[in-house]
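The values are calculated or read from the model by the stated rules, or taken from the named source; none is laboratory data. Bear in mind the structure is a predicted one, so any value in this text is a computation, not a measurement. Here Cβ is always computed from backbone atoms with ideal geometry, including for glycine, and neighbour counts include all displayed protein chains. Only protein heavy atoms, including side chains, enter the accessible area calculation; ligands, DNA and RNA are left aside. Shrake-Rupley method; radii C 1.70, N 1.55, O 1.52, S 1.80 Å.
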Amino acid sequence: MVPRPLRARPRPALLLVALLGLALLGLGVRALLAARSGSASADAQTAVGALGDGGGILAWRPDLGSPREMEASTREAITDAWLRGERELRYAVRCGTVAGLEDLFQSAALEDARATAASGNALLTWAHAPQLRFYAPDGTTVAFTDTFRYVAVNPDAGTPPEVLRVATRTLDVVMMLDDGNWRTHHQRVMADRELPQALPGVPPAGVRAVRAGPEWWTRRADTLQRDVSAVRELRLDTLLLVVDLRAGPRAVTALAAPLRTVLTAARAAQVAVMLDVQAPALDPLLLPALDAALRAVPPDPGVAGVLLAPGTAPTAERLDVWRRVIRDRQPGVPIGLRGDVAPGPAEFRVGRGAWPTYRLRWWPGWPLTDARRAWQVQQFVAAHPGGLEVGTLYDEPGGTRGLLTPDGSFRPEARGVRGEARPPGLPAVLTELSPLLLLLVLEWRRTRRVNLRARQGRG
């Protein structure tokens, strides 16, 4: 008689784990379906999903009321189609290919897009503020009003392109859902106003400034507050915050929270804050990022000035465009230029102009002693009683160019800024001259050997 094979009895623990796993999976799928269906009204007024906030250049205003509440997923799809339409139109202007316009435009809007592509003038837009006016009950038609800033450029005029116009425009837009894709069918210009001229402002007087250092926005809130306090402890009065526009509007928008922390602490410590904007050649393609940086500044307290640092000399026309965009967001703020590379009006200049910038002199030898470095800074500050910039507040970990160490303690240069440095004594001077003295000794020994060999050869 052949014995029957024994069957493995199920373990209660394994069954319990499997049931719990299935339950969690079901809850996750249910939550995902609920999110995709747009049932949550908390996200109905904001753009969500992969597009986020429209790349830092778009933010929906509160809806005016509609027969149907717009789902978050629908708002996301409309935002994406609306911004992609502008990018596709700029591509058609630059390359002359209009076949892709049919994917994003139809009816009268398609005719307008083709006419714009034939004209050769592209619009670079930013600060979109759409507001929903109508959303059809069947979910296939939407109407909204969009107000935005734009700059009209001529892409054939070189790099960076030539600026033709900078203005604010308001559009009435009708989009329809065709074969699963949102397309613009009609758009009408309701208003178009050129940004006003930037009148000369009041230049800041007697500014004693220091730059915050690289990637200041990555520091913790308490560290930023300590940095502001250090500016006052150094007997300075202005903190320069570097803003690199090449990171794009989305990255620049992320500066809002740390910038608010710095401005709040600076107001309590009576320290002025200026934006040190890094923008090579004042490229008009960086204007969306510039506007995002200005929108990140809270109205009260605001910045005490905007400093432009162009890599190459821009034209007077391009400088005028940048001044208009800055004054559009920050009326009356003084605008400065770093160095002597830019023509045109400016309330102040940093570098060789009204604000000299401290540079460490590595003469007569290396390494310089702490006493010599502190003495150099003190002599520079004493020689310029007006506006000046004394360098960087702190440096990246391991760096030695800042006035403060990464943990906040003073370096020798900080004592020079405070006027507490003393002239270097004889030991410090000998230490600085030691490399030069060593070179002289080595040269003397080499010359001595050469002369000795020459005498031995004659003998």
Mind running the shape call on region 92-140? Use the C-alpha gyration tensor, a ≥ b ≥ c as the square roots of the eigenvalues: rounded below 1.5 for a/c, prolate if a/b tops b/c, oblate otherwise. oblate
Using amide H atoms built 1.01 Å from N in the peptide plane, name the residues 5+ places from TRP60, or on other chains, whose amide H lies under 5 Å from its own. ALA47
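Go ahead and run the numbers for FRET between TRP444 and ASP179, Cβ-Cβ distance against an R0 of 60 Å, rounding to 0.05.
Values: r = 88 Å, r/R0 = 1.47.
The value I calculate is 0.10.
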Under a 5 Å amide H to amide H cut-off, with H placed in plane at 1.01 Å, what residues pair with GLU162 once short-range neighbours are removed? ASN154, ALA157
Please give the contour-minus-distance gain from GLU111 to THR147: 0.36 nm per residue of separation, less the Cα-Cα distance, rounded to one decimal in nm. 10.8 nm
Using a simple spin-label model with points 7 Å from Cα along the Cα→Cβ vector, what separation in nm is obtained for THR223 and ALA454? 6.1
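Cα-Cα pairs above 21 Å in region 235-353: how many percent?
Taking all Cα-Cα pairs of region 235-353, the fraction more than 21 Å apart is 33 percent.
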MET274, MET176, reordered so the largest accessible area comes first (probe 1.4 Å): MET176, MET274
Above 21 Å lies some portion of the pair distances; for region 111-194, what is it as a whole percent of all C-alpha pairs? 40
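Which order do peptides 132-139, 293-300 fall in by mean Cβ count within 10 Å, highest first? The partial results should precede the final answer.
On the way: 132-139: 15.0, 293-300: 17.1.
For the peptides 132-139, 293-300, the packing ranking is 293-300, 132-139.
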Determine how large the accessible area of THR116 is when every protein chain is in place; take a 1.4 Å probe and give Å² rounded to the nearest 10. 50
Could you run the Karplus curve 6.51 cos²θ - 1.76 cosθ + 1.60 with θ = phi - 60° over region 313-318 and give me ³J(HN,Hα) per residue in whole Hz, x for Gly and Pro? 5, x, 7, 5, 5, 5
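Taking N as the number of residues in region 206-276, what is its alpha-carbon radius of gyration divided by 2.2 N^0.38 Å?
Here the answer is 1.06, to two decimals.
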